[in-house]
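Read through the structure below, which is laid out as structure tokens, and then see the notes.
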Amino acid sequence: MNKTLSWIQLSFNSIFQHRLRSFLSMLGIIFGVMAVLTMISISEGAKKELLEQIERLGTKNIFIKAAQLTPSQKAAAVEKLSSGLTMADGSRILAGCSQAKLIAGLNEISAAVRGISGNESPQVVAVSPSYAGLMKILVARGRFFTPFDQMNHDMVCVIGNTLATRLGKNGNIGNLIRIEDHLFKIIGHLQEVDPLSPGKKKTAISVRNYNEMLMIPLGADGSIIARDQETQLSYHGGITELIVQVQDSDQVMAAGKVIHRIMEIAHNHVPDYQIVIPRALFIQARQTQKLFNMVLGAIAGISLLVGGIGIMNIMLATVYERTREIGIRRAVGASRTDIVQQFLIESIILTFSGGLIGVVLGSACAVVVSRIGQWQTLITPWAVLLSVIMAVGVGIFFGLYPAVRASRMDPIIALRYE
Amino acid sequence: MPTPLIQLRGVCKSYPIHDRRVDVLTGINLVVESGTFLSIMGPSGSGKSTLLNIIGTLDRPDSGEFLFNGKNMQSASDTQLSRFRSRTIGFVFQNFNLIPGLSVLNNVKLPFLYASVSRLSAEKRALEAIESVGLAHRMDHKPSELSGGEMQRVAIARAIAIQPSIILADEPTGNLDSKTGSEILSYIKALHDQGATVIIITHDQQVADYTQQRIHLLDGRIAERL
Ligand SMILES: Nc1ncnc2c1ncn2[C@@H]1O[C@H](COP(=O)(O)OP(=O)(O)OP(=O)(O)O)[C@@H](O)[C@H]1O
Ligand SMILES: [Mg+2]
């Protein structure tokens, strides 16, 4: 222990004596570790973001979205008697797919909400009472819709937290709010949710920001839309999104296939819908991740190899320069093992310091990337640990040959070396 | 009769030079009792340094035996020999052989690193050794800041700090003027007076005359014993 400590001190001395040279030889390791850490943090950030989104969308959920049709497709749809996405599709799925347990519908409505300060009108959606349960939406005050609200086409609404704040006193439960020409009674406020950083990479289905939303029961939307001259013709109980929940997240892929077939038959092969399974997105993302990891591994390998060669080079030079010193140490009692340890410790200190600097720079880089690139990045402890361990590993691997070479020198020749 | 400290029996050593072997030592027989002051003389290239290095276990003989306290060192491992050197042998070289990057104090402390002596006692003994050669005021200097005589005194301090039983000096005054040289010799004589076994290679007849035991090497053999 005493010895090791002295050697660490000695190594620092020798490294500081050749500050510039040591620093230059560390550059390879520094940049290698920096690159690896930055890339791992980007990859981890992307994974975390995706996981959060999928978690929010629900791993047990399957989304069926109404697709926008081109005019010619629309004509074909009419010919083939496909009426677009409706709650009837939901009933068919519940009947035909044994794994499907719950369904919820959602209809996006473009309607103006009156009496709100600020210029942005909240998004209005009509949803089934089961929507809150499926999407894990919690109510802060008041209550969510019940099947009765839906049955009676009650003119009630639930509003998001931010919206409630914006409305001020008018947003209190029990007050009336005007949507187009209709008055809706506010019956609940949603709990605030983290709006999730709006990722640049749009997944096939994005997470909704409930904080700014106004929800009415599905069915009540008919009255609004029916008055709307432009969309009057197209209103027939259609919805924009149907969510199917299965019992267990493992069943989601199998259920997806069954639903696909049911929908195909029901819609007579008209592609006026799109099925999205969040879990499948995750599986797909994992494939991409695998490729990314391979590229990452290759880059890490190459940069560490280059860094290692730099270290080996400098250690060989050091050993050569200090030939006489090695002879002296041998004469005063250093064994071969002592010499190996001394030079190995020196190269480990070099790569370890390089690794630490790399970690600092890599972390800074990850922060910059997340600021400028708007990518979420995540620096995990294991990534930092891995980087440092890799750096130390490089120090041992590439320092071993010079160290062994030093120890194999004939002490007598070394002592005479000029 | 007690076992002598050092015994050499038929020690031979040759070096390969340009695909033929040059015999440096050809059958050396030598006995050195504990506490002896031995001088080795001989012309350049006669193998004096080679012999001293074999005694100091920096080199191994090709054939023949080297016994220390009756124990054959031939079969000892590198680690064992290193341990042995660190505890038993103090070297003083003609070209001083100090480590340029280390201060005087750290140079003198060097042997303790390999002799598993506690830090505290190493520091204390190194300081004592430096004081004994009168260099307390140069403690933190680098070797490059010292005169030749001072460097050799540091080397002596390094050799004696660990209190070895054998001091091996290879022309310790060879690079010094005669006045400084005799100063260095007086330190070495003092070590002998304190009970150390000293083996010194010298070209100086006066030095040789002072020693109790003298050998003269010629073409790898002991030509003369006094
Ligand atoms: N490692 C070696 N490889 C080859 N030849 C060597 C080696 N070491 C010593 N020699 C040769 O062995 C011979 C004896 O060398 P050594 O150093 O023992 O002589 P020396 O008596 O100490 O001479 P000097 O008085 O000049 O120091 C020389 O001819 C030298 O060239
Ligand atoms: Mg010599």
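The values are calculated or read from the model by the stated rules, or taken from the named source; none is laboratory data. In this text, all values refer to a predicted model and were calculated from it rather than measured experimentally. Glycine gets a Cβ as well: all are built from the backbone with ideal geometry, and neighbour counts include every protein chain shown. What goes into the accessible areas is simple: the full protein's heavy atoms, side chains included, and nothing from ligands, DNA or RNA. Shrake-Rupley method; radii C 1.70, N 1.55, O 1.52, S 1.80 Å.
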Could you list, in sequence order, the residues of region B:18-74 that are assigned to a loop (DSSP other than H, G, I, E, B), touching a helix residue (DSSP H, G or I) at 6+ places or on another chain (Cβ under 6 Å) and within 16 Å of ligand 2 (Cβ to nearest atom)? B:42, B:58, B:59
Against the condition open to solvent by 20 Å² or more (accessible area, probe 1.4 Å) and closer than 30 Å to residue A:243 by Cβ, how does residue A:17 come out, does it pass? no
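Restricting to region A:152-175, what's the tally of residues that are among the aliphatic types (A, V, I, L, M) and free of Cβ contacts under 8 Å to residues at least 40 places away in the same chain?
2
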Can you tell me which of B:102, B:98 is more than 15 Å from the chain's Cα centre (by Cα), within 13 Å of another protein chain (Cβ to nearest Cβ), within 19 Å of residue B:161 (Cα to Cα) and in contact (Cβ under 8 Å) with a residue 24 or more places away in the chain? B:102
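Among the candidates A:112, A:76, A:67, which residue alone is of a type outside the set (S, T, N, Q), in the same structural domain as residue A:218 (by TED's automatic domain parsing) and closer than 21 Å to residue A:214 by Cα?
Working: A:76 fails: closer than 21 Å to residue A:214 by Cα; A:67 fails: closer than 21 Å to residue A:214 by Cα.
None of the others qualify; the one that does is A:112.
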Which of the residues spanning region B:72-100 are out of contact with any strand residue (DSSP E or B) (no Cβ under 8 Å at 6 or more places or on another chain), of a type outside the set (D, E, K, R) and over 14 Å from residue B:154 (Cα atoms)? B:75, B:76, B:77, B:79, B:80, B:81, B:82, B:86
Scanning region A:126-150 for residues that are open to solvent by 50 Å² or more (accessible area, probe 1.4 Å), over 17 Å from residue A:172 (Cα atoms) and out of contact with any Gly (no Cβ under 6 Å at 6 or more places or on another chain) gives A:133, A:136, A:138, A:147, A:148
The one condition in (1) open to solvent by 20 Å² or more (accessible area, probe 1.4 Å); (2) within 14 Å of another protein chain (Cβ to nearest Cβ); (3) under 22 Å from residue A:361 (Cα atoms) that residue A:22 fails to fulfil: (1)
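So that you can scan it fast, the table gives a plain yes or no per residue for (1) among the acidic types (Asp, Glu); (2) open to solvent by 70 Å² or more (accessible area, probe 1.4 Å); (3) in a helix (DSSP H, G or I); (4) within 14 Å of chain B (Cβ to nearest Cβ):
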site: A:342; (1), (2), (3), (4): no, no, yes, yes
site: A:346; (1), (2), (3), (4): yes, no, yes, yes
site: A:364; (1), (2), (3), (4): no, no, yes, no
site: A:390; (1), (2), (3), (4): no, no, yes, no
site: A:404; (1), (2), (3), (4): no, no, yes, yes
site: A:414; (1), (2), (3), (4): no, no, yes, yes
Being under 16 Å from the mean Cα position of the chain (by Cα), within 16 Å of ligand 2 (Cβ to nearest atom) and more than 14 Å from chain A (Cβ to nearest Cβ), is that true of even one residue in region B:174-197? no
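Table: residues versus (1) more than 14 Å from every other protein chain (Cβ to nearest Cβ); (2) open to solvent by 40 Å² or more (accessible area, probe 1.4 Å); (3) under 18 Å from residue B:169 (Cα atoms); (4) within 8 Å of ligand 1 (Cβ to nearest atom).
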residue: B:34; (1), (2), (3), (4): yes, yes, yes, no
residue: B:38; (1), (2), (3), (4): yes, no, yes, no
residue: B:46; (1), (2), (3), (4): yes, no, yes, yes
residue: B:50; (1), (2), (3), (4): no, no, yes, yes
residue: B:59; (1), (2), (3), (4): no, no, yes, no
residue: B:65; (1), (2), (3), (4): yes, yes, no, no
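Mind checking which residues of region B:160-172 are within 25 Å of residue B:8 (Cβ to Cβ) and either among the hydrophobic types (A, V, I, L, M, F, W, C) or within 16 Å of ligand 2 (Cβ to nearest atom) (or both)?
If we filter region B:160-172 for residues that are within 25 Å of residue B:8 (Cβ to Cβ), which is where we start, we get B:160, B:162-172.
Within region B:160-172, B:160, B:162, B:166, B:167, B:168, B:169, B:170, B:171, B:172 qualify.
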Restricting attention to region B:106-115, does a residue exist that is assigned to a loop (DSSP other than H, G, I, E, B), away from ligand 1 (no atom under 16 Å from the Cβ) and more than 10 Å from every other protein chain (Cβ to nearest Cβ)? no
When residue A:78 is evaluated against the numbered criteria (1) touching a residue at least 12 places away in the same chain (Cβ under 8 Å); (2) away from chain B (no Cβ under 14 Å), which criterion, by number, is the only one it fails? (1)
